[in-house]
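Below: the structure, in structure tokens.
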Amino acid sequence: MNFSEDFIKNISEVINNLDYNLIDKFANVLSLIKQKNGRLFMIGLGGSCASASHAVNDFRKLCGIQTFSPLDNISEITARINDDGWENSIVTWLECSHFSQNDMLFVLSVGGGNEKKNISMPIVNAIKFANNIQAWVFSIVGKNDGYAYEHSDMSILIPVLLPEFITPYSESIQSVILHLLASHPLLKENLTKWEEIEQSNIS
């Protein structure tokens, strides 16, 4: 078996071991947030930051949910890093956005942050802030010993079987789950362009 075949077969096994019922619970709560005109705030660092930005597009355009990512405006976030410190940059952005208990913080992370090891502290502090005001906190993570997994209302744990692939597998599956949610019948209200074209061709 070559590397490519091994990599794909193992990631397929990770997908097969996901908690599908929990993903449906995510969709149910997101539907409630939408019905109550609550907002969704996507956060992540590194590769997960890119996934968060992508999710903003899908949840807004396909699902009609007010969705934002603090890290999308590089001018603002770097100003906040400079003035407030890296660890407080997301919290001060949420404060300025009047983040409330009607909203949800949606965390994408491999490790989920670790306060003792001073890892991903912007995520840790954002979760603390959301917990303090009793807002919803959801997360999709690759480790069950991180801050996000332990302090989220619901957390999807990506069951990575090979530790040497925890980052690429976790970040890849995050994207799969986010696309699943944006396509979920409880949430999706608009067709993507290609599906719209295909349906018009059929009719």
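Readers should treat all values here as calculations from the given coordinates under stated rules, not as data from a laboratory. None of the values given here were measured: they were computed from a predicted structure. Cβ sites come from the backbone with ideal geometry, for glycine too, and all protein chains shown count toward neighbours.
By a straight-distance test (C-alpha under 21 Å), which lysines pair with LYS61 as possible cross-link partners, with residues fewer than eight away in the same chain excluded?
Excluding near neighbours in sequence, the set is LYS34, LYS36, LYS188, LYS193.
Can you tell me which lysines have their Cα less than 22 Å from the Cα of LYS117? Leave out same-chain residues fewer than eight positions away.
Of all the lysines, those that pass the test against LYS117 - Cα under 22 Å, at least 8 places apart if same chain - are LYS128, LYS143.
Taking loop as defined by DSSP and a crowding limit of 14 other beta carbons within 10 Å, which trypsin sites (Lys or Arg not before Pro) in segment 81-176 fit?
Details: sites: LYS116, LYS117, LYS128, LYS143; in loops: LYS116, LYS117, LYS143.
Listed in order of number, the matching sites are LYS116, LYS117.
From the phi angles alone, apply the Karplus equation (6.51, -1.76, 1.60; θ = phi - 60°) to segment 91-103 and give each ³J(HN,Hα) in whole Hz, x where the residue is Gly or Pro.
In residue order, the calculated couplings are 4, 5, 5, 5, 4, 5, 8, 6, 4, 9, 5, 7, 9 Hz.
State the Cα centre-to-centre distance between segment 166-189 and segment 148-165 in whole Å.
For segment 166-189 versus segment 148-165, the Cα centre distance is 14 Å.
Taking the inverse of the average 1/r across all pairs of different Cα atoms in segment 56-162, what Kirkwood radius in Å do you get?
14.4 Å
Step through the residues of segment 31-36 one at a time and calculate ³J(HN,Hα) from phi using the Karplus curve (6.51 cos²θ - 1.76 cosθ + 1.60, θ = phi - 60°), rounding each to whole Hz and writing x for Gly and Pro.
Those phi angles translate into 5, 5, 4, 5, 4, 8 Hz.
Where nothing but the Cβ of Lys and Arg (+1) and of Asp and Glu (-1) is charged, how large is the charge dipole of segment 19-198 around its Cα centre, in debye to the nearest 20? Could the numbers behind the result be given before it?
Working: 13 positive and 20 negative charges, 49 e Å.
The calculation lands at about 240 debye.
Sequence-distant or interchain residues sharing an amide H contact under 5 Å with PHE68, placed H: which?
Amide H to amide H, under 5 Å and 5 or more residues apart or across chains, PHE68 pairs with LEU40, PHE41, MET42.
In nm, what is the difference between 0.36 nm times the number of residues separating LYS117 and ARG60 and their Cα-Cα distance? Don't skip to the answer; put the middle values down first.
Values: separation 57, 0.36 × 57 = 20.52 nm, distance 3.50 nm.
Residue separation times 0.36 nm, minus the Cα-Cα distance, leaves 17.0 nm.
Please list, by residue number, everything in segment 168-187 whose backbone N is under 12 Å from a paramagnetic label point 7 Å out along Cα→Cβ of ASN10.
Taking a point 7 Å out along Cα→Cβ of ASN10, the residues of segment 168-187 whose backbone N falls under 12 Å are 168-170.
Direction-averaged shadow area of the convex hull around the Cα atoms of segment 19-198, nm²?
On the way: hull surface 42.5 nm².
Averaged projected hull area, Cα only: 10.6 nm².
How far, in nm, would the chain grow between ASN17 and ASN102 when pulled straight, counting 0.36 nm per residue and subtracting the alpha carbon separation?
On the way: separation 85, 0.36 × 85 = 30.60 nm, distance 3.18 nm.
Value of the extension gain: 27.4 nm.
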